[in-house]
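Have a look at the structure below before the remarks.
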There are 2 protein chains.
Amino acid sequence: MAGGKRTAAEQTGEIRGGAAEQGSDPALGAPEQPGALLRAAGPRVLAWAADYLEHVRELPVLAQVQPGDIRRALPEQAPEEGESFERVLADLDRILLPGVTHWQHPRYFAYFATSAAEEGVLAEMLAAALNSVAILWRTSPASTELEAVTCAWVADLLGLPAGWHGHIEDSASTSTLAAVVAARAATGRDLVVCSDQAHSSVEKAARMVGMRVRKVASDASFRMDPGQLGDLDEAACVVATVGTTATTSVDPVPAVADACAAAGAWLHVDAAYAGTAIVCPEFRWAFAGVDRADTVVVNAHKWMLTPMDCSLLFCSRPSDLRAAFSLIPEYLRTPDAEDALSLSEYGPALGRRFRSLKLWAVLRCHGRRGLQEHVRRGVALAAAFEQWVEADPDWELCAPRPFSVVCFRRRGFSDEQNRALLDRVNSSGEVFLSGTVLRGSFVLRLAVGQYWTTKEDVVTAWDVLRREAAQLAQS
Amino acid sequence: MAGGKRTAAEQTGEIRGGAAEQGSDPALGAPEQPGALLRAAGPRVLAWAADYLEHVRELPVLAQVQPGDIRRALPEQAPEEGESFERVLADLDRILLPGVTHWQHPRYFAYFATSAAEEGVLAEMLAAALNSVAILWRTSPASTELEAVTCAWVADLLGLPAGWHGHIEDSASTSTLAAVVAARAATGRDLVVCSDQAHSSVEKAARMVGMRVRKVASDASFRMDPGQLGDLDEAACVVATVGTTATTSVDPVPAVADACAAAGAWLHVDAAYAGTAIVCPEFRWAFAGVDRADTVVVNAHKWMLTPMDCSLLFCSRPSDLRAAFSLIPEYLRTPDAEDALSLSEYGPALGRRFRSLKLWAVLRCHGRRGLQEHVRRGVALAAAFEQWVEADPDWELCAPRPFSVVCFRRRGFSDEQNRALLDRVNSSGEVFLSGTVLRGSFVLRLAVGQYWTTKEDVVTAWDVLRREAAQLAQS
């Protein structure tokens with residue numbers, strides 16, 4: 001959009017909230033000049049966000065508040081009259097910021113470390129300004145088609161076969177829910193099979209829709225053991241994971257695909273985290289057999305630099321997915337409904353945000369090479385940390401490391417002591433790690449993936465771990 | 001955040017995409033300075049968004065493209081090397097904008113007209129910059145507690161009883177899905193009952209989870225007829241609607257609540273659109289009996305000025321909701337899990353965006369009075385339009401108008417002619433309306449709700465309708 005002059009009031013930077021000070025005849029006119037608040041308050045908001053990213057590494061990674069602290073600092077009611085946006089920004093600093101666990105912090109190493117690249121942040125504002133709601137194709141042609149195109153781009157980056165359907169859900173929980181619903185509709189069966197390392201969302205989805213779950217034992221490297229799959233005659237769906245949540249192990253998808261094909265079961269591949277790594281040729285091995293899947297989920301908001309939320313669901317059987325979800329009532333029937341893609345027919349939601357805009361911005365501004373460098377940086381940092389652990393007799397590795405997550409523990413410490421160690425480390429605010437239980441034993445996890453993490457940040461994590469372990473050993 | 005100096009490169013406004021031009025050792029350093037792109041490209045993005053809102057009324061409301069036009073204008077693959085953000089902005093203008101149906105356009109009158117107020121747009125950027133992921137309380141205390149607080153604010157604005165649980169889902173489809181899942185878990189039954197005017201998401205949710213649906217006939221004013229509810233002994237859930245999608249009719253919630261209480265069925269109230277109107281005392285009647293509901297959904301992204309997506313789900317039986325969705329695996333178990341609220345235990349998703357930030361910004365900057373003025377403006381404009389239709393013998397009203405939606409048709413036109421009329425009106429680009437079928441007859445709908453809609457915009461809609469009807473009558 002070209003043009004646009006500022007009024008004097010805007011140039012003074014006066015920040016005013018909407019309607020409260022208007023007092024206009026409600027039946028006659030609209031409120032303030034459209035765009036005025038963006039011009040007046042926007043520069044300060046931009047500066048806040050830029051300063052936040054520049055200085056976030058000076059803040060404690062894990063929020064140092066107690067449950068209820070934030071809630072008690074906020075009023076119990078919405079204000080009667082509108083306030084200025086400046087007060088919102090001030091309270092963001094004063095009240096909310098201390099309660100933020102900083103996912104954008106370079107020393108965030110918990111769960112799966114994620115990042116919102118700045119291109120994605122800017123695109124998210126544009127998406128909010130456009131406020132498209134993709135119900136049918138015609139209510140949002142650009143967002144619908146860009147969603148299909150960006151998903152095709154990612155499919156291509158990951159080497160998935162051409163021509164698969166792709167769309168974006170909010171989270172892998174929803175993508176997996178959609179997959180099991182489609183699997184049930186396509187097979188008429190109600191059993192979901194996954195390994196004991198599968199993400200909790202599989203069990204949650206099955207429970208939501210009233211399907212049974214059978215968990216298959218994993219092998220010594222935490223991979224699904226296809227020999228344990230057993231009889232799949234009642235299986236609607238087998239969920240294989242490429243990059244499990246605890247250890248990022250990779251299930252043997254080719255063997256699972258064989259078993260699914262023999263039994264007529266739907267194969268859903270959960271690659272929510274590790275899918276991004278497949279942009280690098282050296283990790284392409286982990287997607288062997290995934291071309292035979294019925295559905296695959298890859299979260300761009302995990303390792304692909306895209307802000308929350310952006311979970312990509314790919315499907316090689318789009319007509320089965322559509323059959324499970326399409327339900328166009330008369331009041332949504334439009335002349336073009338037969339020709340045009342309406343993504344609401346492929347998943348649970350009717351109204352859908354313009355989520356593809358941020359993904360598009362990230363893919364364009366980073367390119368294949370930028371994503372590869374980001375993945376390789378994370379993997380190299382995790383590999384370095386792994387070597388330090390391995391070389392230190394006081395510590396032990398607890399699982400193979402295919403990607404950027406290291407599972408380890410202090411040797412000689414009980415589970416309770418390792419849990420206490422994790423608490424101390426996280427309470428320091430210097431780093432934030434998470435833990436998990438493997439074969440009944442508590443282990444710590446260091447997950448690299450934040451965009452701005454440097455080697456020094458990983459060194460700090462190692463230093464803090466050893467310092468706190470030493471103090472714990474003495475106490 | 002205070003401070004933050006610009007580099008010379010930033011001050012020249014040079015816009016660079018991330019990693020492509022870095023060439024740094026992937027194992028050693030992070031990419032560019034955090035915040036640099038926000039400073040360099042942000043002002044231009046802000047200006048784009050402000051100019052867009054200022055000039056959107058000059059664009060055709062409904063995108064004037066054909067299916068596939070946008071897709072074909074985009075490359076088939078992601079770029080190899082990162083590009084500048086400037087090129088993304090240029091392509092947004094050149095390729096995507098013609099494919100945008102403008103929900104922010106003052107003459108958007110289709111479905112339910114919505115708006116993203118500028119406070120919400122700015123807050124959405126802040127949420128993306130923070131990139132919080134609320135899995136457990138500790139991963140995002142601020143977003144978790146602000147979500148509870150803002151939901152409590154809205155509950156208070158709508159006169160819901162104090163102490164109800166509230167959280168935010170992406171869409172009413174998901175909120176209703178969560179409600180029926182909880183209803184089944186709480187009752188052990190699998191029948192969902194709603195009126196023939198209920199939103200399609202009820203049927204979609206039931207189908208997803210394998211529940212049956214019974215549709216109850218509505219009365220002459222399109223309200224559920226409680227006398228038709230029949231035997232509810234097998235009903236897990238009755239869905240009553242306050243503001244149906246076709247006509248915004250209001251089901252008799254008190255009578256439905258009586259029937260639910262007698263039968264032990266869960267009462268879910270769908271107030272996705274009309275819930276916002278309840279901020280005005282004169283519309284409080286429409287929430288009579290809603291205090292007896294088990295769950296209520298109100299979409300802040302519909303009439304409450306909040307950008308997509310922000311669907312509020314309230315529940316008077318939080319322990320039943322939690323019982324249906326809580327499934328904390330060991331690797332997510334934390335020391336504070338017993339004390340602190342984790343909203344992922346109350347709905348389908350595990351990872352959740354910081355959606356409450358934009359709602360908070362809107363509620364604070366508009367206040368109760370600003371929301372009331374916005375609702376009253378929309379209702380007054382719809383009432384004016386209704387009067388023009390009623391006074392013109394060539395036209396007829398087709399349903400009562402409780403809020404800001406008018407159902408009408410050209411008298412003497414067949415269904416086919418009224419459909420053709422709607423097509424002509426929308427193809428003009430001057431306004432965008434939708435249609436529906438009532439009792440087998442096609443009718444047009446004018447939905448007022450866009451923040452910047454003026455009386456002149458509604459006059460234009462009426463002028464375009466009469467002009468196109470006259471031309472159609474002649475042809």
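Just so it is clear, none of the values below were taken in a lab; they were calculated from the coordinates. Note that this is a predicted model, so its numbers are computed, not measured. For neighbour counting, all protein chains shown are included, and Cβ atoms are generated from backbone atoms with ideal geometry for every residue, glycine included.
For A:Thr187, what is the net charge nearby, where nearby means another residue's Cβ is under 12 Å from its Cβ and Lys, Arg count +1, Asp, Glu -1?
Summing Lys and Arg as +1 and Asp and Glu as -1 gives -2.
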Step through the residues of the stretch B:438-451 one at a time and calculate ³J(HN,Hα) from phi using the Karplus curve (6.51 cos²θ - 1.76 cosθ + 1.60, θ = phi - 60°), rounding each to whole Hz and writing x for Gly and Pro. 10, 6, x, 10, 7, 10, 9, 10, 10, 10, 9, x, 6, 4
Packing-based order for A:301-312, B:409-420, A:108-119, using average beta carbon neighbours within 10 Å, highest first: A:301-312, A:108-119, B:409-420
Project the alpha carbons of the protein assembly as shown onto their principal axes and report the range along each, largest first, in whole Å. 91, 66, 52
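Could you give the alpha-carbon Rg of chain A over 2.2 N^0.38 Å, rounded to two decimals? Intermediate results must be reported in sequence, preceding the final value.
Details: Rg = 24.5 Å, N = 475, 2.2 N^0.38 = 22.9 Å.
With N residues counted in chain A, Rg over 2.2 N^0.38 Å equals 1.07.
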Could you work out the local net charge near B:Ala259, counting Lys and Arg as +1, Asp and Glu as -1, over the other residues with Cβ closer than 15 Å to its Cβ? -3
Among A:Cys365, A:Cys310, A:Cys280, the residue whose Cα sits farthest towards the positive end of the charge dipole of the stretch A:209-367 (+1 at Cβ of Lys and Arg, -1 at Cβ of Asp and Glu, taken about the Cα centre) is A:Cys365
What does the highest-first list of B:374-385, B:210-221, B:350-361 look like by mean Cβ count within 10 Å? B:350-361, B:374-385, B:210-221
Integer Hz, Karplus 6.51/-1.76/1.60 couplings in order for the stretch A:107-114, x for Gly and Pro: 9, 7, 10, 8, 6, 10, 6, 10
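What is the average number of partner chain Cβ atoms found within 10 Å of a Cβ in A:238-246?
Working: counts 0, 0, 0, 0, 0, 0, 1, 3, 3.
Taking the mean over all residues of the peptide, I get 1.
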Once whole DSSP H runs in chain A are found, which of them have Cα atoms spread over 20 Å or more along the helix axis and a mean Kyte-Doolittle score of at least 0.0? A:36-55, A:141-157, A:172-187
Sorted by chain and number, the residues with a modelled amide H under 5 Å from that of A:Ala63, at a separation of 5 or more or across chains, are A:Thr101, A:His102
Tell me what chain B gives for mean residue ellipticity at 222 nm when only DSSP H runs of n ≥ 4 count, each as -39,500 (n - 2.57), the sum divided by the residue total, rounded to 500 deg cm²/dmol. -12500 deg cm²/dmol
For peptide A:63-75, what's the mean number of Cβ atoms from other chains within 10 Å of each residue's Cβ? 5
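Dipole size in debye (nearest 20) for chain B around its Cα centre, Lys and Arg Cβ +1, Asp and Glu Cβ -1?
620
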Of the beta bridges DSSP finds with both residues in chain A, what % are antiparallel, to the nearest 5? 55
Taking amide H positions as placed 1.01 Å from N in the peptide plane, with prolines and chain starts having none, which residues 5 or more places from A:Trp395, or on another chain, fall under 5 Å of its amide H? A:Arg411
When only C-alpha pairs under 8 Å and at least 6 residues apart count, what is the relative contact order of the stretch B:133-353, in percent? 27
List the residues whose amide H sits under 5 Å from the amide H of B:Val216, counting only those 5 or more places along or on another chain, with H placed 1.01 Å from N in the peptide plane. B:Cys194, B:Ser195, B:Asp196
For A:Gly412, what charge total do you get from the other residues with a beta carbon under 11 Å from its beta carbon, if Lys and Arg give +1 and Asp and Glu give -1? +1
Just for the stretch A:133-353, what percent of DSSP beta bridges are antiparallel, to the closest 5? 40
Let me check against my output: what whole-number percent is the relative contact order of the stretch A:84-208, with C-alpha pairs under 8 Å and at least 6 apart? 12
Rounded to the nearest 5, what is the percent of antiparallel bridges among the DSSP beta bridges in the protein assembly as shown? 55
Give the relative contact order (percent, whole number) for chain A; include only Cα pairs under 8 Å separated by 6+ residues. 19
I'd like the mean, over residues of B:268-279, of how many other protein chain beta carbons sit within 10 Å of each residue's own Cβ. 0
Using the per-residue mean of other Cβ atoms lying within 10 Å as a proxy for protection, in what order, highest first, do the peptides B:273-285, B:67-79 fall? B:273-285, B:67-79
